[in-house]
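Presented below is the structure to which this report refers.
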Amino acid sequence: MSAALLTRPRADWRGGTVLMALLAPILLVNVLTFLAPVINLAMLSFRGSGPGGSIQEGLTTATWTSLLTDSFYWEILLGTVWTSLLITFLTLLCSYPVALWVSRLGARWRNLMMVVCISPLLVSAVVRTYGWMILLGDQGFVPGVIRAMGMTPPRLLFNETGVIIGLTEILMPYMILSLLAGFGKLDRTLEDAAGTLGARPFTVFRRIVLPLSLPGLLLGCLLTFVLAVSSFITPKLLGGGRVVLLATEIYDQAIVTLNWPLASALSILVLVVFGAALAVYGQLSKLVD
Amino acid sequence: MVTMFDRRALLLGAAATGVLAAPWVRTAHAQEKTITLMAYTGIFEERYKAAVVDPFMRANPGIKVNYYGSPNSAQSLGMLRAQKAAPQTNLCIMDASVAKAGTDEQLYDAVDNARLPVLAELNPMAIIPGLAGPAVTFDSAVLLYSAAKVKPAPTSWRELWKPEYKGQVGLPAAPDIVGLALTMVADRLAGGTDFIKDPSKGIALVGEMAPSVQTWDPKPDVYSAIISGGLTLGVGWNARGQLFSSQNPDRLGVTLPEEGSVFQINTLNLVKGAPNNDAALAFMAYALGQEAQKSFTEAMFYAPTNAKTQVSAEALARTAATPERMAKMIDVNWIEVAKVRDGITEQWRRRVINRR
């Protein structure tokens, strides 16, 4: 007993050292590739920007003051959050039935359909976005079908509609994967029991299936929302310059206007949005548990 | 075993030869200087390499030029900023308004006639006060149209405002310089007199055109969008427009409208502190010389900045530098425009792009 007492702290110490040694590489990588650039970004946001995009020496709060007091940027922030929430909702709406159906297939078909569902991820988002440009363009397939039905097609490309359609499809595989992970908790015997007790299918869904799939649903929503907020290529291509979101604004400020301090400040703002999303997710997860 | 022995002997022999030859190999490497030129990617890269870079390397076997393609001037400037502590790029071709920011940040070495005698041959417009590097190409904003759909060829910028083209117009919005160039032209159309002091008339007129615009960000570019039939009218640059039009005469037309246009200037800048800048200066001298200027003008229809360049009549007719076109040019000081660009961009966002 006394020998065990003497040796245990040493073993713990060794275990701690081994743990630290194992964690050190990933900590180092994170410090170098995430923390240091974020700090650099934050510092850059406190530099001044001169005409033509030159970066001025010295620190100033001018960029942050202009960002926080200009209604234009608040509109972009709210527009980005609203558009991303709408995309998340539509992605959930389209993905949930698919994921539920796949989860109920036999093992062989389930694996095959899972591969089918996530196979779009094998194709670059840029290629898929160009695909949507062809489908939604004035002479594209979708307006053609609407015209064939005797209606006048609305403009589907180079506006918010195009961005929402494109991003919803592009983000569906992420949502489906998260939902499938959540459906693992679903026990079919509970549904059968509810059925034998007289519950109608919708009641079974509302009282059993939906509550049990909430953890996966919340994770999918978080993932989709974060990816929608940070999406850049799809809004840039499908928005036709009209849809200004935080990510496209960062690109324009960094690459076109050359206002790096403002681009840095907007990037920090995106991080704040992500932080808020994580906080909401954490609270909702606690409620679900 | 015999094979093994032979192989070993061969390897030993090769190693010994390598060791003995090393000093000479090193000397040969030391004699070859490598420089990096950063300029536009795509068709510009293809044509510039064939017309200027390759002939230069053939004439100067001791200098190797690496061409680094960059999508636009702003990204080139970003790259130069990132390399400021240890520059890897010797020369950079970029738009004059962006080059101003690089000059202000002291990224470039200024060149003068003593270091670069060819500067004396350049058009006076090519030496821009406040910029470290001279102009290497001239271009101008033009009206692009679908040659199949728009007949007869348009002659006025006002074509962009016609209701029959609603939803068929495309151009890159400000802060892209195409958007800025159109604002200057529109300001002139609306009766504005000093674009730098007050661009409001031009912005208001472009705003009236906004509902006709299908996209403010044509992809992959406005020329391809018109060639593919996605757009009917657009605004772009003469050199690229002429090149694509010469390849697709039935699909893309280029016109310099009667109300005039504005020049776009690309400058060639020597990056401060890069290795082998003596070789880079030799390239600058060649690129600004008559031979290279003629060759590139005939390859891509940019107007030469070397005043002594003799260009074929056919190529000259497609450039922005014909006497008739020069007479139509609106006088623009891009350095002054760069100072007000942010304000104009803000106006575009609030009063143009969002208009339906």
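For chain B, what is the Kirkwood hydrodynamic radius in Å, using each pair of distinct C-alpha atoms?
This gives a value of 22.0 Å.
Using the alpha-carbon centroid of each, what span in Å lies between the stretch B:188-253 and the stretch B:44-109?
About 27 Å separates the Cα centre of the stretch B:188-253 from the one of the stretch B:44-109.
Once you average over the residues of B:164-175, how many Cβ atoms of partner chains fall within 10 Å of each Cβ?
Partner-chain Cβ atoms within 10 Å, mean over residues of B:164-175: 2.
Neighbour counts of other C-beta atoms within 10 Å: give me A:Cys94, A:Cys117, B:Cys92 arranged from fewest to most.
The most exposed by this proxy come first: A:Cys94, A:Cys117, B:Cys92.
Please list, ordered by chain and number, the residues whose modelled amide H lies under 5 Å from the amide H of A:Thr60; skip anything fewer than 5 residues away on the same chain.
Amide H neighbours of A:Thr60, under 5 Å, 5+ apart: A:Arg47, A:Gly48.
Rounded to the nearest 20 debye, what is the charge dipole size of the stretch B:58-181 about its Cα centre when +1 sits on each Lys and Arg Cβ and -1 on each Asp and Glu Cβ? Please report the intermediate quantities before stating the final value.
Values: 11 positive and 10 negative charges, 86 e Å.
Rounded to the nearest 20 debye, it is 420 debye.
Arrange B:Ser212, A:Ser119, A:Ser231 by Cβ neighbour counts within 10 Å, fewest through most, would you?
Going from sparsest to densest Cβ surroundings: A:Ser119, B:Ser212, A:Ser231.
Measure of size requested: the Rg and Dmax of the stretch A:70-288, with Cα atoms as the atom set and Å as the unit; please supply both.
Reported Rg and Dmax, both Å: 20.0, 66.
For Cα pairs less than 8 Å apart in space and 6+ apart in sequence, what is the mean separation divided by the residue count of the stretch A:70-288, i.e. the relative contact order in percent?
Relative contact order of the stretch A:70-288: 27 percent.
How many angstrom lie between the C-alpha centres of the stretch A:118-179 and the stretch A:219-289?
For the stretch A:118-179 versus the stretch A:219-289, the Cα centre distance is 21 Å.
Report the calculated FRET efficiency for B:Thr41 and A:Leu105 (r = Cβ-Cβ distance, R0 = 41 Å), to the nearest 0.05. Before the final figure, lay out each step's value.
Numbers: r = 47 Å, r/R0 = 1.16.
According to the calculation, E is roughly 0.30.
What distance in nm separates the simple spin-label points at A:Arg206 and B:Glu32, each placed 7 Å from Cα in the Cβ direction?
7.7 nm
For B:Phe138, A:Phe158, A:Phe202, what's the fewest-to-most ordering of other Cβ within 10 Å of each Cβ?
Taking fewest neighbouring Cβ atoms as first place, the list is A:Phe202, B:Phe138, A:Phe158.
Given the -39500 (n - 2.57) contribution per DSSP H run of 4+ residues, what per-residue ellipticity at 222 nm results for chain A, rounded to the nearest 500 deg cm²/dmol?
-24000 deg cm²/dmol
Picking from B:Ala320, B:Gly192, B:Thr215, whose Cα lies most toward the positive end of the charge dipole for the protein assembly as shown (charges on Cβ: Lys, Arg +1; Asp, Glu -1)?
Of the candidates, B:Thr215 comes out farthest on the positive side.
For the stretch A:140-274, with the dipole built from +1 on Lys and Arg beta-carbon atoms and -1 on Asp and Glu ones, taken about the Cα centre, which of A:Leu179, A:Val142, A:Leu258 lies farthest toward the positive end?
A:Val142
Grab the Cα-Cα distance for A:Leu86 and A:Ala279, subtract it from 0.36 nm times how many residues apart they are, and report the gain in nm with one decimal.
Taking 0.36 nm per residue and subtracting the Cα distance, the gain is 67.6 nm.
At 7 Å along the Cα-to-beta-carbon direction for both A:Ala24 and A:Leu271, put a label point, then send me their distance in nm to one decimal.
2.7 nm
Determine which aspartates and glutamates satisfy two conditions relative to B:Lys339: a Cα distance under 17 Å, and not lying fewer than 8 residues away in the same chain.
B:Asp95, B:Asp104, B:Glu105, B:Asp176, B:Asp194, B:Asp198, B:Asp331
If r is the Cβ-Cβ distance from B:Ala85 to B:Lys197 and R0 is 45 Å, what FRET efficiency results, to the nearest 0.05?
The value I calculate is 0.70.
Calculated from DSSP H runs of 4 or more alone, at -39500 (n - 2.57) each and per residue, what is the 222 nm mean residue ellipticity of chain B, nearest 500?
Theoretical 222 nm ellipticity from helices: -12500 deg cm²/dmol.
Given the Cα-Cα distance of B:Ser228 and B:Ala327 and 0.36 nm per residue of separation, how much length would full extension add, in nm?
Result for the pair: 32.3 nm of gain on full extension.
Quick one: among B:Ile35, B:Ile43, B:Ile203, which has the greatest mean-square fluctuation in a GNM of chain B with alpha-carbon springs under 10 angstrom?
B:Ile43
Using θ = phi - 60° and the Karplus curve 6.51 cos²θ - 1.76 cosθ + 1.60, what whole-Hz ³J(HN,Hα) does each residue of the stretch A:166-174 get, with Gly and Pro shown as x?
Result, rounded to whole Hz: x, 5, 4, 5, 5, 8, 4, x, 5.
Mind listing the long-range amide H neighbours of B:Val271? Cut-off is under 5 Å, sequence gap 5 or more, other chains count too, H placed in the peptide plane at 1.01 Å from N.
B:Leu91, B:Cys92, B:Asp109
Considering the zone a paramagnetic label at A:Met43 would reach in this model (a point 7 Å from Cα along the Cα-to-Cβ line), which residues of the stretch B:80-99 have amide N under 17 Å from it?
The answer is B:81-86.
Taking the Cα centre of the protein assembly as shown as origin, sum charge times position over the Cβ atoms of Lys and Arg (+1) and Asp and Glu (-1), and report the length of that vector in debye to the nearest 20.
That gives the protein assembly as shown a dipole magnitude of about 1800 debye.
Quick one: what are the phi-derived ³J(HN,Hα) couplings along the stretch B:188-202, Karplus 6.51/-1.76/1.60 with θ = phi - 60°, whole Hz, x for glycine and proline?
5, 4, 8, x, x, 10, 9, 4, 5, 6, 8, x, 4, 5, x
Using the eigenvalues of the Cα gyration tensor, what equivalent ellipsoid semi-axes result for the protein assembly as shown when each is taken as the square root of five times the eigenvalue, whole Å, largest first?
Here the semi-axes work out to 50, 38, 26 Å.
Quick one: dipole size for the stretch A:70-288, taken about the Cα centre, charges +1 on Lys/Arg Cβ and -1 on Asp/Glu Cβ, in debye to the nearest 20.
For the stretch A:70-288, the charge dipole is close to 780 debye.
Read the figures in this text as sums done on the coordinates, not as results from a lab. This one's a predicted model, so the numbers in the text were calculated from it and none came from an experiment. Heads up, the Cβs are rebuilt from the backbone with ideal geometry, glycines too, and the neighbour counts pull from every protein chain shown.
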